[in-house]
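The values are calculated or read from the model by the stated rules, or taken from the named source; none is laboratory data. As the structure is a computational prediction, the values presented were derived from the model and not from experiment. Note: ideal-geometry Cβ built from the backbone for every residue, glycine included; neighbour counts use all protein chains shown.
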C-alpha cells in the first residue's frame, strides 16, 4: 500500500516487486500501482487525466509508469505535497474541487485518476463521476478492490463509483 512507492521506479520494477513478495510469501500479491492499472483497464481507460498529491518529480515518474502500462496521460497536476505532516489538511471539498478542475482542463480524457494512497477519496468518487461523466479511479478504494479480487471476491461495493458498482 503506497502508490508512489511502487510506481516510482517504473512498471518493470513494480512487477518485479510483486513477484518477489509473491515468491517470499507464497501468497497472492499485488501493489497499489497494479491496482490503479487494473482499475483503469477495467473501465477501458485510454486517455487519462491525473490528479495527485505529489510534486513535479513524482508526477513525472507516475506519467512514465502509466505510459509504460499502456495509457496516454493527457495531463497531470499535483497538490505539491511532499509530507502530509507539513501540509494543511486535504478536505473532501478541496480534493473534489481540485480533481474536478484537473479533469475540466482535459475534457478529452476518458477517465480521471486520483493518485496517492494518503488521499481520502472514497466519498468523492460518485460526485466526481457525476461532474466529469467518466469513471474515476483512485489509489486506496481501488487497491482494496484489487486485493479482494485476489482472494476470489468480486470487489463490488454499490454506491462508490462505476467500477465498484459493477465489479
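Remarks
- Checked against (1) surrounded by fewer than 19 Cβ atoms within 10 Å (Cβ to Cβ); (2) modelled with pLDDT under 95; (3) touching a strand residue (DSSP E or B) at 6+ places or on another chain (Cβ under 6 Å), residue 87 passes all but condition (3).
- Residue count for the range 120-135, restricted to those that are outside any helix (DSSP H, G or I), more than 23 Å from residue 84 (Cα to Cα) and touching a strand residue (DSSP E or B) at 6+ places or on another chain (Cβ under 6 Å): 2
- Any hit, the range 48-71, residues being buried (at least 19 other Cβ atoms within 10 Å of the Cβ), touching a helix residue (DSSP H, G or I) at 6+ places or on another chain (Cβ under 9 Å) and farther than 19 Å from residue 33 by Cα: no
- Test: residue in the range 10-25 that is within 18 Å of residue 121 (Cβ to Cβ), modelled with pLDDT of 95 or more and either under 15 Å from the mean Cα position of the chain (by Cα) or surrounded by fewer than 22 Cβ atoms within 10 Å (Cβ to Cβ) (or both): no
- Scanning the range 98-108 turns up no residue that is at pLDDT below 95, assigned to a helix (DSSP H, G or I) and out of contact with any helix residue (DSSP H, G or I) (no Cβ under 6 Å at 6 or more places or on another chain).
- One residue stands out among those in the range 129-143 that are under 17 Å from residue 166 (Cα atoms) and either touching a residue at least 60 places away in the same chain (Cβ under 8 Å) or crowded, with 22+ Cβ neighbours inside 10 Å (or both): the one that is farthest from the chain's Cα centre (by Cα), which is 135.
- A Cβ distance below 7 Å, combined with a sequence gap of six or more or placement on separate chains, defines the contacts here; from the range 151-165, residues that are in contact (Cβ under 8 Å) with a residue 40 or more places away in the chain and on the phi < 0 side of the Ramachandran plot reach residues that are crowded, with 16+ Cβ neighbours inside 10 Å and not in a loop (DSSP other than H, G, I, E, B) in the pairs 162/129; 163/39; 163/42; 163/137; 163/142; 163/145.
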